[in-house]
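The structure under discussion appears below in the form of structure tokens.
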Amino acid sequence: MRQKFILGGRLIFGPDAKSLLVTLLLITVPVIIFCVFVARHLWHAFSPYNAGYAILAVAIVFTIYVLILLFLTSARDPGIIPRNSHPPEEEFRYDSSVSAEVGGRQTPSLQFPRTKEVMVNGVHVRVKYCDTCMLYRPPRCSHCSICNNCVERFDHHCPWVGQCIGLRNYRYFFMFVSSATLLCIYVFSMSALYIKVLMDDHQGTVWKAMKESPPSVILMAYCFISLWFVGGLTGFHLYLISTNQTTYENFRFRADNRINVYNLGCPSNFLEVFCTKIKPSKNNFRAFVREEVSRPTLQSIQGAEAEDIGGGDPRPKVEDDLEIGEDLLKISQRRNIEEIDEDIRSRGSNGPAHTALEVDAILDSDHRAPTIRSETRHSSWGRRSGSWEIATDDVLSNSKVMESRSYMTGKEGRQ
């Protein structure tokens with residue numbers, strides 16, 4: 001989840017909430033220019049009953065209304081579906097028809113359906129499994145790649161409000177866009193009216209009036225360009241509401257030639273968007289997070305099965321490590337015997353030479369205990385091989401003891 005939380009989870013913004021500042025500037029700066037350079041000069045144009053003050057008051061109130069709708073759109077949960085900590089276990093099933101024989105055993109393969117069908121208005125609708133959220137998405141739900149969440153009735157991710165548009169904030173989004181369109185029309189109309197007032201007062205042409213009030217001209221051009229965006233967006237969403245579609249479904253159904261099973265008729269569609277109660281959030285973002293015991297995922301289960309199939313019946317790890325340690329110790333003892341024999345011959349001993357059986361008996365009597373003691377081995381469980389290592393100091397000390405004992409035996413024989 002990439003949302004940004006403010007006031008202990010009371011306000012929920014999208015990951016690109018910084019773009020919200022750009023939207024605020026695009027709304028407030030033109031309105032401030034309008035109030036200072038246009039509406040202030042229109043106070044005296046409608047002197048009866050102080051009607052000129054209403055122009056300024058409407059602009060301010062309307063702007064505050066638009067900003068509130070922008071805040072409600074971007075600072076609330078759009079309909080995020082809580083994630084699962086593990087895949088739904090009730091959907092796991094084993095297919096015994098496809099099996100692998102290993103050592104006379106049959107291991108059934110684990111099957112996990114990627115899609116399943118649900119009934120919507122008497123029509124079967126296929127829903128997909130979300131690997132990120134580990135759940136089957138409800139109808140009209142989609143995973144937003146920017147917010148990294150599954151959102152109910154996902155419409156689109158709007159960068160201008162920095163939030164996904166879904167089930168719980170679509171109404172406010174449409175009201176924000178349509179209100180911004182009306183605000184543009186209002187500012188454009190009042191600016192044009194001020195140009196008309198200047199023409200009447202100075203009995204001049206349009207060009208002279210435009211030179212008299214450049215801010216009015218700038219505001220008219222700005223509102224005209226903005227109307228192409230917010231006005232076109234308002235018209236497009238009016239069409240979507242009348243047909244009960246989302247932006248995502250509109251492009252998807254058009255590409256796949258699918259039938260819209262959610263269309264209930266134009267009046268019912270408008271009632272569904274504007275007159276139904278908004279569902280409460282499924283998330284409690286102010287609650288403390290509880291650590292859950294991780295359960296094996298689908299990949300881990302399949303990996304364990306593959307290991308079981310490919311590995312046959314391996315020996316236990318500890319047993320293998322003990323055997324490896326004993327082999328290493330035997331090799332070191334064999335080398336020590338050869339060194340002792342060479343040392344005795346080089347000293348020119350006149351005594352009887354020790355046979356291999358005698359030397360083995362000496363070594364067995366002196367060093368049988370270290371082969372069993374655990375302190376002469378150091379475990380390396382951290383590595384994947386899991387082998388046991390014998391300390392070199394212990395081996396060297398053992399070899400010195402054997403050499404000294406053999407030397408004393410040879411000396412006694414010479415005497």
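Using Cα pairs under 8 angstrom and six or more residues apart, how large is the relative contact order of the stretch 170-262, in percent? Relative CO of the stretch 170-262 lands at 32 percent. Rolling a 1.4 Å probe over the protein heavy atoms leaves Phe224 with an accessible area of roughly 110 Å². Rounded to 0.05, the FRET efficiency of the Cys35 and Leu7 pair, given R0 = 45 Å and the Cβ-Cβ distance, is 0.90.
The separation of the stretch 177-252 from the stretch 152-166, counted between C-alpha centres, amounts to 24 Å. Among the listed pairs Lys18/Lys128; Lys116/Lys279; Lys4/Lys279, those with a Cα-Cα distance over 30 Å are Lys18/Lys128. Here Lys277 and His202 are evaluated by their C-beta separation; at R0 = 56 Å the FRET efficiency comes out at 0.50.
The values are calculated or read from the model by the stated rules, or taken from the named source; none is laboratory data. Quick caveat: nothing in here was measured; it's all calculated off a predicted structure. Reconstructed Cβ throughout: ideal geometry from the backbone, glycine too, with neighbour counts over all protein chains shown. We work out accessible area using only protein heavy atoms, side chains counted, and drop any ligands, DNA or RNA first. Shrake-Rupley method; radii C 1.70, N 1.55, O 1.52, S 1.80 Å.
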